[in-house]
Amino acid sequence: MLTHVAAGAGVALLPESVRALGTEGVVYADLDRELRVDLALAWRTDDDSPALVRLLDVLAERAHELDPRPATVPGGPQ
């Protein structure tokens, strides 16, 4: 994404931690206010890797800390 920005092909909304990459030709600007963004997660239906299972568990356990709405992880632990 940052290479597209550096090449003049657009802009990007990224987490603050990306600043540490220090990509040449890219200007990083702070937003004036807190911004919340809905995200989606996708995975293969036949993926039963321990890492995916743990990620889904953590997201289900901690989602309430990020968003007061009830957490649902389709296909994940309920």
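The values are calculated or read from the model by the stated rules, or taken from the named source; none is laboratory data. Since the model is a prediction, treat every value here as computed from it, not as a measurement. For neighbour counting, all protein chains shown are included, and Cβ atoms are generated from backbone atoms with ideal geometry for every residue, glycine included.
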* To do: Determine whether the range 36-46 contains at least one residue that is modelled with pLDDT under 85 and among the charged types (D, E, K, R).
  => yes
* **Count - residues of the range 10-39 that are surrounded by 10 or more Cβ atoms within 10 Å (Cβ to Cβ) and more than 23 Å from ALA63 (Cα to Cα)** => 8
* For the range 4-29, what are the residues that are out of contact with any helix residue (DSSP H, G or I) (no Cβ under 8 Å at 6 or more places or on another chain) and of a type in the set (Asp, Glu)? -> GLU16
